[in-house]
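Quick note: the coordinates plus some simple rules give every number you see, no bench work behind them. The model shown is predicted, which means the values in this text are computed figures rather than measured ones. Backbone-built Cβ (ideal geometry, glycine too); neighbour counts: all protein chains shown.
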Amino acid sequence: MATLVHRLFKIALFVGLSLLSFRYVRPYHTWTEGEADAWWRASDWLGVRDPEDLYIGVWMTIELFVAVLAYVAIMKLWRYCRTRS
């Protein structure tokens with residue numbers, strides 16, 4: 001039973017960190033002319049019709065990476081604190 005609770009807690013922690021990352025990591029600014037040109041060229045090169053789709057995919061990947069890093073850091077700190085006590 002304790003193992004199930006630990007796993008559910010870890011899943012809830014990761015989902016919570018992912019939601020926080022999606023909410024606060026993404027930049028909210030308009031593209032400059034140079035940025036728009038770069039996104040258009042990258043989307044053409046990758047075969048994506050709309051550069052906004054590429055932009056969203058890239059930022060979701062970055063946000064997921066941030067959530068994983070935060071999760072790993074929290075787990076290591078938790079283990080360190082438990083072994084220290």
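Values computed for the structure shown
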| quantity | calculated |
| --- | --- |
| Cβ-defined net charge surrounding residue 54, 14 Å radius [Lys, Arg +1; Asp, Glu -1] | -4 |
| Table column - 3J(HN,Hα) (Hz), region 65-76, Karplus curve with 6.51, -1.76, 1.60, x for Gly and Pro | 4, 5, 5, 5, 4, 5, 4, 4, 5, 5, 5, 5 |
| Stretch in the chain that is longest and holds no chymotrypsin sites (Phe, Trp or Tyr not before Pro) that DSSP places in a loop and that have at most 16 other beta carbons within 10 Å | 32-85 |
| Cα-projected label distance for residue 30 with residue 68, points at 7 Å along beta-carbon direction, nm | 3.5 nm |
| Of the GluC sites (Glu not before Pro) in the chain, those whose Cβ has at most 11 other Cβ within 10 Å and which sit in DSSP loop | none |
| Options [x] 3, 11, 19, 20, 15, 11, 8, 5, 3, 3, 2, 1, 0, 0; [y] 2, 13, 15, 17, 14, 11, 9, 7, 6, 4, 2, 0; [z] 3, 15, 26, 26, 16, 9, 4, 1, 0 - which one matches P(r) over Cα pairs in 5 Å bins from 0, in percent as calculated here | [y] |
| Net charge contributed by nearby residues that have their C-beta within less than 14 Å of residue 71 (K/R +1, D/E -1) | +3 |
| Nearest-0.05 FRET efficiency for residue 77 and residue 44, computed from C-beta distance (R0 41 Å) | 0.40 |
| J(HN,Hα) series, region 7-16, from Karplus relation 6.51 cos²θ - 1.76 cosθ + 1.60, nearest Hz, glycine and proline x | 5, 5, 5, 5, 5, 5, 4, 5, 5, x |
